[in-house]
Structures are given as structure tokens and as C-alpha cells.
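Here's the structure, in C-alpha cells; my notes come after.
Values quoted throughout were computed directly from the atomic coordinates according to the rules given, and no laboratory measurement underlies them. Source: prediction; values computed, not measured. Using ideal geometry, Cβ is built from the backbone for each residue, glycine included, and neighbour counts are taken over all protein chains shown.
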Amino acid sequence: MDSTTGGADLRLLALTKRFGDFVAVDDLTLTIPSGSFFALLGPSGCGKTTTLRMVAGLEEPTAGTIVIGDQDVTWTKPYKRPVNTVFQSYALFPHLDVFENVAFGLRRRGTKGVDASVEAMLELTELGGLGRRKPAQLSGGQQQRVALARALINEPKVLLLDEPLGALDLKLRRQMQLELKRIQTEVGLTFVHVTHDQEEAMTMADTIAVMNAGRVEQLGSPADLYENPSTTFVANFLGQSNFFDGSITERSGGNAIVSIEGNRVGVLDSRVHSSGSRVHVGVRPEKLRIQFAADAVMGEDTNRLEGTVVSSSFIGVSTEYRVGMPWGQQVSVFAQNTRRDERLVRGAEVVISWAPDHAFALDAAQDVGAGVGGAHAAERPESAGP
Amino acid sequence: MAVTTPSSDSSSMSVRRRPRGPVRWLRSRLIPLVGLLVLLYMFAPIFVVVLFSFNQPSGRFNYQWVHFSTNAWTNLCQVGGMCEALRLSLLIGVVATLCSVLLGTLVAFAIGRHRFRGRSGANLMVFMPMATPEVVMGSSLLALFVGMNVARGTGTVLVAHIMFCLSFVVVTVKARIASLDPRLEQAAMDLYANERTTFWKVTFPLVLPGIVGASLLAFSLSFDDFIVTNFNSGSTVTFPMFVWGAAQRGTPPQVNVVGSLMFVLSLAVVIATQVVRRRRSRV
């Protein structure tokens with residue numbers, strides 16, 4: 001593949017799409033840098049697929065502009081855009097064999113040396129020798145690779161992937177995630193990947209935009225979004241969190257001091273996403289340390305709360321403890337199974353602790369349960385529109 | 001619960017014995033047996049037609065087996081007017097098929113793909129000829145032609161045939177279009193095919209099986225129509241009308257020969273489609 005063509009920036013400016021009264025995409029402005037692997041992550045109906053279809057030209061925006069490189073393509077026909085799509089259910093041409101499916105784009109553009117290019121692409125996607133098969137004679141994983149090959153061979157400036165792995169089983173999906181990432185690094189194109197699976201997005205993407213109700217809720221690297229979410233929706237969609245209600249009492253030395261039911265805990269200033277003083281302090285279960293109360297040592301974990309073990313369940317890689325707080329709340333703690341303390345049984349007095357840079361404080365005006373369940377609540381892939 | 005009732009369970013098990021002998025034999029073969037009977041019921045008349053095409057009837061009627069002869073097969077056009085009628089029916093069948101498939105496919109695309117005023121009305125109108133009794137359709141057409149002072153003949157027969165074939169074509173092709181995944185066309189457009197190329201490279205090849213099916217249906221409908229044709233043919237004689245007329249005076253075995261030929265021909269078409277389909281689905 002010619003690396004000089006490469007990808008191009010994709011810019012969306014105030015992009016809006018309405019279906020009647022329903023606003024699918026709401027004033028979306030986004031710059032996706034050239035050569036990046038960008039994920040649009042969100043639950044069903046959040047507008048991510050509609051955004052993708054507008055970029056592909058399969059849906060007309062109600063308002064706004066789409067720019068690829070320095071070309072405004074907002075009103076360009078889909079077949080004149082330097083963009084190719086890997087469709088959700090692949091949409092392979094059933095009457096053409098694998099070779100002709102992959103060659104389709106090249107033949108339309110009258111490219112020379114189709115045979116050699118197609119053979120090379122089939123090798124890259126590990127489909128060598130399957131060229132004369134019909135799509136119906138391939139397994140799900142093979143069909144997925146044909147769909148990818150058919151799009152990639154045209155060296156689009158931007159490659160759009162619409163839930164490309166949704167139809168595959170878990171094991172194959174993991175394998176294809178790494179495969180996709182490898183191919184993207186190899187060809188250096190701009191990939192825009194739409195998914196509702198947060199693990200998939202985090203595994204592959206350099207940058208993730210979490211979408212909710214037609215808007216981008218937060219944008220950042222996978223680690224950023226996970227460690228320092230700015231809304232409860234993002235925190236919940238990307239994983240589990242414990243939320244403590246509290247209020248900020250003072251801010252000093254880059255720290256905010258939050259009072260939770262009379263307990264003082266510190267949160268880094270850069271991790272406070274609230275203008276008011278009422279906050280939800282969020283801590284991921286695996287960031288919490290659990291110790292038997294009588295001989296607890298604090299070390300770097302300057303924040304501590306006391307409680308009693310309600311239940312413990314052995315999960316394999318870790319043990320999940322449910323710890324009851326004096327004010328009735330239950331907290332979830334994941335402890336690595338390196339050194340299990342046999343005293344941590346139901347009813348044991350324990351101390352849970354964490355470092356100030358392992359928590360985040362979110363505006364208490366939000367619903368604590370927003371986006372709970374993440375991918376599992378949105379297992380069904382998103383449809384094109386209402 | 002299961003622990004308390006093992007005795008009653010085992011006793012009920014022992015009561016239900018495995019059937020033996022003829023009952024068991026019949027049970028295991030009941031479905032193929034019934035299937036065979038149904039096939040026999042369907043093919044018996046065809047078998048009789050083929051058999052009597054090799055008969056040498058003694059009188060004018062070919063209803064009694066006299067002795068074996070290939071006379072009817074070798075002297076097909078000996079019967080006055082039959083081959084002319086056959087030729088005319090084939091011609092009408094081909095022209096009616098071409099016209100109705102062309103028009104019907106366009107109608108099917110319009111109704112299947114576009115939302116427009118009067119779409120449901122058009123849909124209903126297309127169904128009407130299928131629901132109308134042929135006698136009613138034939139006589140009203142005749143009234144129309146007489147009222148408009150159109151001379152009855154091959155032309156009016158063609159108009160009538162195209163009309164009733166059209167409905168079947170629209171329904172068949174529309175079903176095929178409805179089963180088409182719109183994402184395939186979107187994928188083609190995404191892969192640099194403009195509207196025209198998308199139609200000829202993706203849409204048309206995928207709808208083609210429906211169009212072929214509709215053509216076969218239209219041809220057989222036109223070829224064997226008697227009632228509507230009889231009303232609107234004037235002095236023109238199609239093959240079904242010839243057979244009808246001949247039956248009054250006595251049927252020559254040549255009619256059976258044509259019947260047998262038609263049967264063999266349609267059988268060949270069906271087998272050919274199956275072979276092509278199998279070959280396509282193979283690696």
C-alpha cells in the first residue's frame with residue numbers, strides 16, 4: 001500500500017440531523033486527525049451510526065458541514081467521496097464472488113492492475129485462496145475480512161467502520177480487534193469506528209468520543225476517559241464506579257477536600273468536574289484497597305472510609321467485596337488475588353482506602369445511574385435511524 | 001418430586017410398548033408414502049396424456065387404447081389447423097411475456113421502491129385482475145372492444161393477455177425487490193458506483209431471478225388461457241381454442257403429443273434452473 005496517500009483530517013462542523021422531531025445528531029463539532037484510529041462510542045440511538053452515515057454520504061445532514069482534508073463533501077454524492085465503509089452486516093454482494101467483491105471499487109474507478117491489487121489485499125486480510133468463493137460460503141470472520149478488504153483496497157482517505165465486529169463471537173472479536181489495529185497501523189489511514197462496546201473502543205482506538213443523545217459527552221484517550229471521566233454517563237458507560245455523595249469544603253494545594261458523611265477525602269483539582277460544591281466522588285472498584293481494620297496501614301492512600309464486609313465473591317482474577325458503609329451505602333471493591341486475607345469475611349470490620357489521584361468528583365446535579373451497564377445495556381446494535 | 005414417583009414412571013414406561021410388525025413399518029414410512037400418493041395423484045393425468053399420444057385410435061376419439069404407434073409424433077402437423085394454432089399461441093405467449101415483464105418490472109420497482117400519491121391505489125389495481133373471475137374479465141373486455149369498435153383478433157388477444165399477465169409479473173418481481181437489502185445498493189454507491197452502475201451491477205442481477213420466474217409464469221398463463229381468449233379472439237384460433245374445438249368433433253392424438261412436449265419442456269426448464277443453481281452455489 002502506498003503510504004504517501006495516507007489519510008486526511010475529517011472535520012465535522014455543527015453537524016445536525018433531525019428525523020422529524022427526533023434529533024439524532026445535535027450540533028456536533030469534531031476534528032478527527034489524519035492517520036488516527038478514532039472511535040465513536042455510545043449506546044443505541046446516541047447518533048453515532050447516523051454521524052457515520054452522513055460522513056459516508058448515505059444520509060443528508062439537516063445542517064452543518066463535513067470536510068475531508070480540505071474538501072467540503074457535505075453535499076457530495078457517496079460515490080464521489082474519498083471514503084469507504086465497512087457495513088455493520090458487511091453488505092457483501094451475494095451474486096459476486098470474493099474476488100469481485102473486493103475488486104468492485106477498483107473496477108468502478110477503472111484502476112489498472114486490478115488482479116494484482118486484489119490478490120495482495122486478499123493476502124493482507126488472510127483470505128488467500130478464497131477468491132472464487134461466494135460470500136454465503138464463508139464464515140462470519142471471513143465475511144468480515146472481505147468487507148474490510150473491499151473497503152481498504154480503495155485506499156480511502158477515511159475508512160468508516162460501523163459496528164464491524166458486532167456479529168462475531170467473543171473470541172473471534174478479540175482476534176479481529178488486534179487484526180484491525182495491526183492493519184490500521186500498517187496502512188496508516190484514518191479509521192473512524194462506531195461501536196457500543198467500550199472494551200472494543202478502548203482496545204483499538206487512539207481517541208474515543210463518547211456520544212450520548214446526539215452530542216459528544218467527552219473526548220479523549222481511552223485511559224483519560226476511564227481514569228478521569230467528566231460526567232457520570234462517561235464514568236458508568238466505560239466501567240463500574242462507586243459514587244459517594246459529598247460536598248467540597250475547601251480547595252488548597254491542587255487538592256479539593258470533600259466531606260462525605262463527615263469523612264474528609266481529597267480529590268485532585270484536575271479531577272474535579274463541577275462548578276458547584278455538591279459532588280459525586282467516584283472511585284473505580286479496582287482502585288480501592290481493602291484491609292482488616294485492626295491492623296490497616298495507609299501508605300499513599302490518604303483517603304479512607306470504614307465499613308463492614310457484607311459479602312465476598314471469588315471471580316478468579318480477583319475477589320469482589322461488598323462493603324457496607326455506616327450510612328447504608330454499599331461499596332464494591334475488587335481485590336487482586338495475590339495475597340488473600342482470610343479474615344475478610346462477612347461482618348469483618350474493614351478500612352477501604354484510595355489515593356487522591358484515583359478518584360474523580362462529578363457535578364451532583366447529574367443522575368448517578370446515567371449510562372449504567374454500558375455495552376451490556378445496549379447489546380443490540382444501533383439501527384440506522386428511527 | 002422425581003424421587004417420590006419412580007414406580008409409577010417405570011410402570012407407564014412398560015405399558016407403552018414399541019410397535020412391531022406392519023404398524024411399525026407403516027409408521028416409519030408414513031410421510032414418504034403419503035407424499036408418493038400425492039405425487040401419483042398429480043401425475044396420473046399427465047401420464048395418461050403421454051401414454052395416449054402413442055395410441056392409434058380406431059375412431060375419431062382418442063379415449064380407448066387400441067395399439068401402440070408413433071404416428072402422431074411423426075406426423076404432428078397432419079391435423080388441419082393445429083400447427084397454425086400452436087404457432088400463434090407460441091407467438092402470442094412470447095410477445096405477451098415480453099411486454100408484461102417489461103411493464104410489470106417497471107411497475108414493481110415503482111411500487112416497491114418509491115412512496116408516491118396513489119401508491120396503495122396502484123397496488124390494489126394491480127391485484128384486481130388476479131381476483132376477478134376470468135369470465136367476468138373476458139366478457140367486460142369484449143364489451144369494451146365492441147364499444148370502442150375494435151376488430152377482434154390477434155391484437156385484442158394480445159392486449160388481454162398482457163393485461164392479466166401484468167399482475168402476476170408485478171407481484172412476483174415486487175416480492176423479489178422487497179427482499180433486497182437496501183444496504184447492498186448503499187455499499188455499491190460507497191464503492192464509487194453511480195446510480196446507473198449500481199442498478200446494472202447490483203440491483204438488476206439480484207432482481208433477475210424474480211424476473212425470470214415472472215417470465216415463465218407469464219408465458220404459461222398466456223399459452224394455456226382459454227376463457228379470456230375465447231371472448232376476444234374473433235376468428236383467430238389459439239392452441240387451447242383448437243383443442244376445445246377438436247374435442248367437440250374428436251381429439252386427434254397429436255393434441256396429446258403437444259401436451260407431452262409442453263410437459264417435457266417445462267420439466268427441462270425446471271431441471272436446468274436447479275442445475276444452474278447447484279453449480280453456482282458450488283465452489
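Rg and Dmax of the protein assembly as shown over Cα atoms: what are they, in angstrom?
37.2, 121
Select from A:Val83, A:Val279, A:Ala335 the residue farthest towards the positive end of the dipole of the protein assembly as shown; place +1 on Cβ of Lys and Arg, -1 on Cβ of Asp and Glu, and compute about the Cα centre.
Of the listed residues, the answer is A:Val83.
Quantify how strongly other chains surround peptide A:56-66 by giving the mean number of their Cβ atoms within 10 Å of each of its Cβ atoms.
1
Can you tell me, using C-alpha contacts under 8 Å and at least 6 residues apart, the relative contact order of the range B:82-238 as a whole percent?
44 percent
When chain B is modelled as a GNM with alpha-carbon springs shorter than 10 Å, which of B:Thr229, B:Thr156, B:Thr197 fluctuates the most?
Greatest mean-square fluctuation among the candidates belongs to B:Thr197.
Once phi is turned into ³J(HN,Hα) by the Karplus curve 6.51 cos²θ - 1.76 cosθ + 1.60 with θ = phi - 60°, what whole-Hz value does each residue of the range B:266-272 show in order, with x for glycine and proline?
5, 4, 4, 4, 4, 5, 4
Could you run the Karplus curve 6.51 cos²θ - 1.76 cosθ + 1.60 with θ = phi - 60° over the range A:248-260 and give me ³J(HN,Hα) per residue in whole Hz, x for Gly and Pro?
Going residue by residue, I get 6, 9, 7, 10, 7, x, x, 10, 10, 9, 10, 9, 10 Hz, with x marking Gly and Pro.
Which value, in nm² and rounded to one decimal, describes the direction-averaged projected area of the C-alpha convex hull of the range A:8-222?
Here the figure is 11.4 nm², rounded to one decimal.
Before rounding to the nearest 500, sum -39500 (n - 2.57) across all DSSP H runs of length at least 4 in chain A and divide by the residue total; then give [θ] at 222 nm in deg cm²/dmol.
-6500 deg cm²/dmol
Placing unit charges on C-beta atoms (Lys and Arg positive, Asp and Glu negative, everything else neutral), compute the dipole magnitude of the range A:1-153 about its Cα centre in debye, rounded to 20.
Using Cβ point charges on Lys, Arg, Asp and Glu, the range A:1-153 gives about 420 debye.
Springs between alpha-carbon atoms under 10 Å, Gaussian network over chain B: tell me which of B:Ser89, B:Ser215, B:Ser69 tops the mean-square fluctuations.
So, out of B:Ser89, B:Ser215, B:Ser69, the one fluctuating most is B:Ser69.
What Kirkwood radius, in Å to one decimal, follows from the Cα pairs of chain A?
23.1 Å
Using the 4.7 Å Cβ rule, please list in number order the cysteines from chain B without any candidate partner.
Here B:Cys99, B:Cys165 come out as lacking a disulfide-compatible partner, given the Cβ-Cβ threshold of under 4.7 Å.
Other chains near A:151-159: what is the mean number of their Cβ atoms within 10 Å of each residue's Cβ?
That works out to 1 on average.
May I ask you to evaluate 6.51 cos²θ - 1.76 cosθ + 1.60, the Karplus curve with θ = phi - 60°, for each residue of the range B:248-259 and list the ³J(HN,Hα) values in order in whole Hz, giving x for glycine and proline?
Going residue by residue, I get 5, 9, x, 9, x, x, 4, 4, 5, 4, 4, x Hz, with x marking Gly and Pro.
Rounded, prolate or oblate, given the Cα gyration tensor of the range B:12-153, with a/c below 1.5 counting as rounded?
Oblate is the answer for the range B:12-153, as a/c is 1.5 or above yet b/c matches or exceeds a/b.
Before anything else, pin down the relative contact order of chain B: Cα pairs under 8 Å, at least 6 apart, normalised by residue count, whole percent.
29 percent
Around A:Tyr79, under 9 Å between beta carbons, what's the net of Lys plus Arg minus Asp minus Glu among the other residues?
+2
Of B:Val79, B:Val150, B:Val159, which is the most mobile in a GNM of chain B whose springs link Cα atoms less than 10 angstrom apart?
The residue that fluctuates most here is B:Val150.
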